[in-house]
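Participant: Have a look at the structure that comes next, please.
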Amino acid sequence: MLQGVSADRSVSMFTPLVVVELASDTKKEAIAWLLSRIRDKQQNGGAELLVEQLSPGLGTEKKEKPNLFLVGASWHRLLSGAEDVGLFKEHSDGSMRGFTCANKHNFKDFQGDGDGFLSMAECQYIIKHELDTLRAKDETHVPGHSQAKLYPGKSIIRRLQSKGILIQIFPLHEQEELKRLSFSWYKKVKLAFQPLDDIRHYYGEGQALYFGFLEYFTFALVPMALIGVPYYLFDWEDYDKYVIFAVFNLIWCTVILELWKRCSASLAYRWGTLSRKKAFEEPRPGFHGVLGFNPVTGRKEPLYPTAKRHLRVYLVSLPFVLLCLYLSLYVMMIYFHMEGWALSVHDEDPTFWTEILLFIPSIIYAVVIEVMNLIYRYAAEFLTEWENHRLESSYQNHLVLKVLVFNFFNCFASLFYIAFVMHDMMLLRQSLATLLITSQILNQFMEAFLPYWLQRRRNKKMINKVKNKRTLEDKEFPLAEQVRMEADMSTYLGTFDDYLELFLLFGYVSLFSCVYPLAAVLVVLNNISEVYSDAFKMCYVFKRPFSDPAANIGVWQLAFEAMSVIAVVTNCALIGMSPQVKDYFPDSETQLILWTVAIEHGLLAIKFILTFLIPDVPKHIQVKLARLEFESLEALKKKRALHGGKFWKPRSSARSTSEEERKGHRYW
């Protein structure tokens, strides 16, 4: 069983933190070369980590994964790595500062040799960073694999991944800590906040911010749900009675997003990621091109013409997205034909069964929407990969844009058509309820029940080996069995799908909840179950992901804000269509449209004024950040004065100056 990260151990007895799996047909010389580079001193271009091959166990599956390697590090190496990655820790004065080995004793909780100062997630992130920074020197190819070409400065790990030699790298779970986290997180039903600090300590800031946003979004929906219930119970048929609800909706969707910025800034500051500088981005593993010279890094790497990438984006990807939107529109029209047929059948012979028939087209359409979203997601990933983006951030931005445009159109186009073309508010209410309920049922099945069932089947053989057949989450396994079991677990693909689901739910509530006030209630119930299902999956279905030192929810903040702008326009249009509002303009529809547009512009102006007036970062945190910046400038002035007015450059504790660096080549 893994124990907590402790003091230095010998190579034969170290704490395994990360698992590296190589393909079963990897050549012995390639394995020996990789291990030597991992173990080699930093001065020689190595990672200076501890690594050992997992010895074959007694299980029947030992032949399936012969090349599993356990990676760890000495405590001194982890501390120097914490300085390399720019880790922020709490200083003795209570502020968050970048960790340095020279001032390590000035940081809170640093005692003795620093045992326990770094969390296991931070240690695993440091090891992953050091493995990623391994660079080829004078090798032309991976030993024993002539097809895996190398050149000076090429990331070794990325090349092994792109050529299929390296199967996966994943951090190990710590069984005792995982038990404590799961008990406080989801094993007991309670009306309390999630243990975000514990989640961050175990999984990192990126995951903790997602669950923090999920929790915040759920609580923010409570006022909408409390107002929506009496509106729904009164069952007012005239939707114009919901004008007040629509106005409240406009204010709500703006305020909650601005307050979330402040909340996430407070969390990020407390966790030390708010002022952390972003590392220089390396090329993606799948990026390819003609070998050339990068003037920024000063080393050889693949180069791909930007014009050629733009041609792929605008001449292939964009037409494909437009074609998919057209197909989505065509499917929507089929749905309306089905809806009209069901309505005609019900009008001819109104019975109990024909009333049920009225809901069938919406249910079928909701299922088709989910299937189309899933198929399109794979197509969007393929296209974005084919566009050959150099950076992971660029790849993610293009993928998010493709997926959001299609999902928004696919999920909301029919609702806009019913509201503003058909002007059928009763059908809008029915369609919204059916889409929302059906999509939530399908998501819960795909995200909770199915992964749980598959994981139970996958681990059935492992559990049967133990005499006392308790559940997987209650059982502790020896190290060898734990490593092999986790190697077979599903890989966690990040928070993309989770944020996408919340984005669509936010759209259902902010756009049309004035017509169906119970939308917020359904989303609250969905989010509560989402917390428990996501927590279970993170703990016992997926491999443990590497820590992601995020300071916010990234591009998704912009996506939610864009949705809130669309919500303002939509709700103003719904208010303008209200018979009560139309009574004020009995003779001129043009005046009604002009007044609606003017009010919509005024509300947008108020929205942007609120955005400006509500600071993204709380005042007390701004003061602390400004003080740290001032102290850093003062310290720099003193060092410059101490060195005769010359610029002073501290020697990196990560790597001593090597022969390549003296020649001017930096391998960062």
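Participant: Is one or more of the residues making up the stretch 567-574 in the same structural domain as Tyr210 (by TED's automatic domain parsing) and under 26 Å from the mean Cα position of the chain (by Cα)? Break it down into steps so the answer makes sense when it comes.
Facilitator: Taking the stretch 567-574 first, the residues in the same structural domain as Tyr210 (by TED's automatic domain parsing) are 567-574.
Then drop every residue that is not under 26 Å from the mean Cα position of the chain (by Cα), which leaves 567.
Checked the stretch 567-574: at least one residue is in the same structural domain as Tyr210 (by TED's automatic domain parsing) and under 26 Å from the mean Cα position of the chain (by Cα).
Participant: Against the conditions (1) at pLDDT below 85; (2) touching a strand residue (DSSP E or B) at 6+ places or on another chain (Cβ under 9 Å); (3) under 29 Å from Thr273 (Cα atoms), where does Lys89 fall short? Just the number, please.
Facilitator: Every listed condition holds for Lys89 apart from (1).
Participant: crowded, with 21+ Cβ neighbours inside 10 Å, touching a residue at least 24 places away in the same chain (Cβ under 8 Å) and closer than 18 Å to Val400 by Cα: which single residue out of Phe512, Phe560, Phe496 fits that description?
Facilitator: On the way: Phe512 fails: closer than 18 Å to Val400 by Cα; Phe496 fails: crowded, with 21+ Cβ neighbours inside 10 Å.
Answer to the check: Phe560.
Participant: Is it the case, given these coordinates, that Lys607 is within 30 Å of Ala136 (Cβ to Cβ) and at pLDDT below 85?
Facilitator: No.
Participant: Output the residue which, of all residues in the stretch 32-43 that are in contact with a Ser or Thr (Cβ under 9 Å, 6 or more places away or on another chain) and either surrounded by 15 or more Cβ atoms within 10 Å (Cβ to Cβ) or of a type in the set (D, E, K, R) (or both), is modelled with the lowest pLDDT.
Facilitator: The initial filter retains those residues of the stretch 32-43 that are in contact with a Ser or Thr (Cβ under 9 Å, 6 or more places away or on another chain), namely 34, 41-43.
Right, trim to either surrounded by 15 or more Cβ atoms within 10 Å (Cβ to Cβ) or of a type in the set (D, E, K, R) (or both) and you get 34, 41-42.
Numbers: Leu34: 92, Lys41: 90, Gln42: 86.
Step by step, filter the stretch 32-43, then rank; the result is Gln42.
Participant: Could you list, in sequence order, the residues of the stretch 329-379 that are of a type in the set (Gly, Ala, Ser) and under 27 Å from the mean Cα position of the chain (by Cα)? It would help to see each step written out before you state the result.
Facilitator: We begin by selecting, within the stretch 329-379, every residue of a type in the set (Gly, Ala, Ser); these are 340, 342, 344, 362, 366, 379.
Across the stretch 329-379, the qualifying residues are Ala366, Ala379.
Participant: What's the number of the only condition in (1) surrounded by 21 or more Cβ atoms within 10 Å (Cβ to Cβ); (2) within 30 Å of Val255 (Cβ to Cβ) that Gln580 fails to meet?
Facilitator: (1)
Participant: Kindly indicate whether any position in the stretch 88-99 is among the hydrophobic types (A, V, I, L, M, F, W, C) and touching a residue at least 24 places away in the same chain (Cβ under 8 Å).
Facilitator: yes
Participant: On to the next question. Give the residue that is surrounded by the fewest Cβ atoms within 10 Å (Cβ to Cβ), with candidates limited to residues of the stretch 302-350 that are β-branched (Val, Ile, Thr) and more than 28 Å from Val421 (Cβ to Cβ). Talk me through it step by step, then tell me what you get.
Facilitator: Within the stretch 302-350, the first condition is being β-branched (Val, Ile, Thr), and the residues that meet it are 306, 313, 316, 321, 331, 334, 345.
With more than 28 Å from Val421 (Cβ to Cβ) added as a condition, the list becomes 306, 313, 316.
Details: Thr306: 9, Val313: 15, Val316: 13.
Among those that are β-branched (Val, Ile, Thr) and more than 28 Å from Val421 (Cβ to Cβ), it is Thr306.
Participant: Pairs under 6 Å by beta carbon, first residue farther than 28 Å from Arg200 by Cα in the stretch 160-178, partner among the β-branched types (Val, Ile, Thr) and buried (at least 16 other Cβ atoms within 10 Å of the Cβ), six or more apart or different chains?
Facilitator: Ile165/Thr26
Participant: In the stretch 509-563, which residues are more than 30 Å from Phe416 (Cβ to Cβ) and in a helix (DSSP H, G or I)?
Facilitator: Hits for the stretch 509-563 are Val531, Tyr532, Ser533, Asp534, Ala535, Phe536, Lys537, Met538, Cys539, Tyr540.
Table: residues versus (1) under 23 Å from Gln168 (Cβ atoms); (2) under 21 Å from the mean Cα position of the chain (by Cα); (3) among the basic types (Lys, Arg); (4) at pLDDT 90 or above.
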| position | (1), (2), (3), (4) |
| --- | --- |
| Lys465 | no, no, yes, no |
| Lys469 | no, no, yes, no |
| Pro478 | yes, no, no, no |
| Ala487 | yes, no, no, no |
| Glu501 | no, yes, no, yes |
| Tyr508 | no, no, no, yes |
| Asp534 | yes, yes, no, no |
| Phe542 | yes, yes, no, no |
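Participant: Moving to a separate point now. Report, ordered by the first and then the second residue, all pairs with beta carbons closer than 8 Å, sequence separation of six or more or different chains, a first member in the stretch 144-159 that is in the same structural domain as Asp25 (by TED's automatic domain parsing), and a second member that is modelled with pLDDT under 85 and part of a helix (DSSP H, G or I).
Facilitator: Pro152/Glu660
Participant: So, one more: Tally time: how many residues in the stretch 181-211 are within 24 Å of Glu90 (Cα to Cα) and either in the same structural domain as Ala23 (by TED's automatic domain parsing) or in contact with a helix residue (DSSP H, G or I) (Cβ under 7 Å, 6 or more places away or on another chain) (or both)?
Facilitator: Restricting attention to the stretch 181-211, the residues satisfying the condition of being within 24 Å of Glu90 (Cα to Cα) are 181, 193-211.
Next, from what is left, pick out any that are either in the same structural domain as Ala23 (by TED's automatic domain parsing) or in contact with a helix residue (DSSP H, G or I) (Cβ under 7 Å, 6 or more places away or on another chain) (or both): 181, 193-196, 198-205, 207-211.
Looking only at that region, the number is 18.
Participant: Consider only pairs whose beta carbons are under 8 Å apart and that are at least six residues apart or on different chains; among these, list those whose first residue lies in the stretch 566-587 and is more than 12 Å from Leu604 (Cα to Cα) and whose second residue is outside any helix (DSSP H, G or I) and modelled with pLDDT under 80.
Facilitator: Pro579/Asp238
Participant: If you don't mind, another one. Given (1) without any contact (Cβ under 8 Å) to a residue 60 or more places away in the chain; (2) more than 26 Å from the chain's Cα centre (by Cα), where does Phe183 come up short, assuming only one miss?
Facilitator: For Phe183, the exception is condition (2).
Participant: Given the condition over 31 Å from the mean Cα position of the chain (by Cα) and over 30 Å from Gly289 (Cβ atoms), answer yes or no: does some residue in the stretch 408-418 qualify?
Facilitator: Kept after step one, since they are over 31 Å from the mean Cα position of the chain (by Cα), are these residues of the stretch 408-418: 417-418.
Pick out the ones that are also over 30 Å from Gly289 (Cβ atoms) and you get 417-418.
The answer is yes; a qualifying residue exists.
The values are calculated or read from the model by the stated rules, or taken from the named source; none is laboratory data. All values reported here derive from a predicted model rather than from experimental measurement. Neighbour counts run over all protein chains shown; Cβ positions are idealised from the backbone, glycine included.
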